[in-house]
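See structure below.
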Amino acid sequence: MEIKTTTPVKYISGIIYNNKCKLDVLTKNLERSFGKIDDVSKMYSFNFTDYYEKEMGEDLQRVF
């Protein structure tokens, strides 16, 4: 079996969270696992569905 090298890739993550989550702590954990974050979108209200409310609560936010 031949071992081949792979092409490096950029990870993209969509994060849905509520105000109890400290986004700066979360991004630091992501950087520890995956490397420096190149860019972050603006935060916006995630009010398109109530699918996550039972598990995560109301007033959810989203960022990429």
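The values are calculated or read from the model by the stated rules, or taken from the named source; none is laboratory data. Computed from a predicted model, the values in this text were never measured in an experiment. Cβ sites come from the backbone with ideal geometry, for glycine too, and all protein chains shown count toward neighbours. In case anyone asks, the SASA skips ligands and DNA or RNA and just uses the protein heavy atoms, side chains included. Shrake-Rupley method; radii C 1.70, N 1.55, O 1.52, S 1.80 Å.
Both radii were evaluated on the Cα set of the chain; the Rg over Rh quotient, with Rh as the Kirkwood radius, amounts to 1.13. When only the Cβ of Lys, Arg, Asp and Glu is charged (+1, +1, -1, -1), the dipole of the chain relative to its Cα centre reaches about 260 debye.
Pairs with C-alpha atoms separated by more than 22 Å, drawn from the list 4/28; 10/54; 20/54, are 4/28; 10/54. Using the Cα centre of the range 17-64 as origin and beta-carbon charges of +1 (Lys, Arg) and -1 (Asp, Glu), tell me which of 60, 21, 45 is placed farthest towards the positive end of the dipole. In the range 17-64, that residue is 21. Quick one: angle between helix 23-34 and the longest Cα principal axis of the chain, in degrees between 0 and 90, rounded to 10, please. Approximately 20 degrees, to the nearest 10.
Heavy-atom surface analysis with a 1.4 Å probe gives the chain a carbon and sulfur content of 53 percent of its accessible area. Check each of the GluC sites (Glu not before Pro) in the chain and keep only those in coil by DSSP with at most 15 other C-beta atoms within 10 angstrom; list them in order. Sites meeting the loop and neighbour criteria: 2, 58. The phi torsions of the range 38-47, fed into the Karplus equation with coefficients 6.51, -1.76 and 1.60 and a -60° offset, translate into couplings of 6, 7, 9, 6, 6, 7, 9, 5, 9, 10 Hz, rounded to whole numbers, with Gly and Pro shown as x. Heavy atoms of the protein chains alone define the surface here; on that basis the chain has 95 Å² accessible area per residue at 1.4 Å probe size. A simple rule links phi to the HN-Hα coupling: the Karplus curve 6.51 cos²θ - 1.76 cosθ + 1.60 with θ = phi - 60°, which for the range 54-59 gives 4, 8, 10, x, 8, 6 Hz, with x for Gly and Pro.
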